[in-house]
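Colleague: Before we start, here is the structure in question, set down as structure tokens.
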Amino acid sequence: MRRLPPLNALRVFEVAVRAGSYAAAGAELGMTHGAVSRQVTALEAWLGQPLFARVGRRMVATQAARVFAAEISLAFDRLTEAAEACGRPLAPRVLRVSAPTTFAMRWLIPRLEGFRVARPDTEVTVTTTTTLQEELRGGFDLAIRRGPEPWPQHRAVPFLPEFDTLVASPTLLGRRPLEHPGDLDGHVLLGTQTRPGDWGAWLAAAGASRPEGARTRIFDHFFVTLQAVEDGAGLGIAPFPVLDRAVADGRLAAPFPEITVERPGYFVLTPFDADKTPALTAFIDWLVAEGETSLTIPR
């Protein structure tokens with residue numbers, strides 16, 4: 001029989017090294033500082049050597065411990081892959097994704113069929129949030145948020161830059177064309193309560209001033225504003241490449257695609273203690289690949 005170290009202690013030790021402190025490991029694992037310390041002490045006793053040294057008020061992993069932790073992480077990944085391979089072949093792997101509402105509706109969900117074709121054994125379920133500031137309370141395998149933000153308990157992978165430009169319905173532009181950024185007189189400017197600076201930032205980038213007689217209409221949620229723009233109720237400021245398909249399909253038009261305002265891009269977040277399954281890794285890789293193919297505004 002193999003003489004294995006205590007497996008739960010290995011798990012706690014690997015997180016403690018990766019998280020950088022006992023306190024951070026405890027927060028990630030839902031354990032107290034003392035419980036983390038006891039598990040590490042048990043592993044040190046089994047190995048017969050210290051794994052952490054006190055530096056000031058913190059316990060810092062030794063060089064040997066960091067190498068050991070990296071090997072343990074790889075071993076856990078191998079165990080996960082082996083369990084996946086040994087699992088029921090016909091049982092779908094379910095990935096729970098949390099994403100902002102507009103992003104989910106306009107960018108993610110229309111592309112999911114491509115992932116399903118590539119990974120027919122994986123089912124993706126999407127839950128939405130109405131604000132990007134909503135807390136990451138769990139209940140998902142990965143989350144999509146705009147950043148950068150401090151996400152101390154999540155691994156963050158950037159996959160989609162974002163920038164704003166002016167949009168309108170093709171029908172509206174057919175009635176009242178826009179030849180120059182300053183030709184906004186008589187148009188209704190649509191905005192959103194959660195994005196109060198959109199018009200000011202775009203007008204500054206365009207070198208234009210707000211028309212004195214411009215009418216405005218403000219909605220509470222951005223997806224409502226977008227629907228109003230598509231319905232021809234007025235002009236809006238909207239993000240790309242989130243709306244690239246809406247332009248390509250003729251539901252929206254971007255009359256000045258060269259005038260843009262850079263915004264924080266999107267990140268895919270996975271909890272540090274999440275199982276790094278092949279399905280989860282494949283989905284992250286797919287998001288990155290999809291992001292690389294949609295970085296311009298269709299004309």
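Colleague: Specify which of the listed residues (T131, T165, T101, T125) is at negative phi, of a type in the set (S, T, Y) and modelled with pLDDT under 85.
Modeller: The conditions single out T131.
Colleague: Shifting gears a bit: For region 6-37, give me each residue that is loosely packed, with under 14 Cβ neighbours inside 10 Å and either out of contact with any helix residue (DSSP H, G or I) (no Cβ under 9 Å at 6 or more places or on another chain) or not in a helix (DSSP H, G or I) (or both).
Modeller: L7, G30, T32
A quick yes/no check of all residues on (1) at pLDDT 90 or above; (2) touching a Gly at 6+ places or on another chain (Cβ under 7 Å); (3) farther than 26 Å from P150 by Cβ:
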residue	(1), (2), (3)
T194	no, no, no
A204	yes, no, yes
G213	no, no, yes
A246	yes, no, yes
P255	yes, no, yes
T296	no, no, yes
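Colleague: Looking at G236, G232, G265, which one is in contact (Cβ under 8 Å) with a residue 40 or more places away in the chain and surrounded by 21 or more Cβ atoms within 10 Å (Cβ to Cβ)?
Modeller: Sole residue among the options that is in contact (Cβ under 8 Å) with a residue 40 or more places away in the chain and surrounded by 21 or more Cβ atoms within 10 Å (Cβ to Cβ): G236.
Colleague: So, A156, is that one open to solvent by 40 Å² or more (accessible area, probe 1.4 Å), under 30 Å from D275 (Cβ atoms) and touching a residue at least 12 places away in the same chain (Cβ under 8 Å) or not?
Modeller: The answer is yes for A156.
Colleague: So, of the residues in region 38-77 that are among the polar types (S, T, N, Q) and over 26 Å from L280 (Cβ atoms), which turns out to be most open to solvent (accessible area, probe 1.4 Å)?
Modeller: Checked region 38-77; the qualifying residue most open to solvent (accessible area, probe 1.4 Å) is Q63.
The values are calculated or read from the model by the stated rules, or taken from the named source; none is laboratory data. Just so we're clear, the structure is a prediction, and the values are computed from it rather than from any experiment. Cβ sites come from the backbone with ideal geometry, for glycine too, and all protein chains shown count toward neighbours. Areas reflect the complete protein model, heavy atoms only, side chains present, ligands, DNA and RNA absent. Shrake-Rupley method; radii C 1.70, N 1.55, O 1.52, S 1.80 Å.
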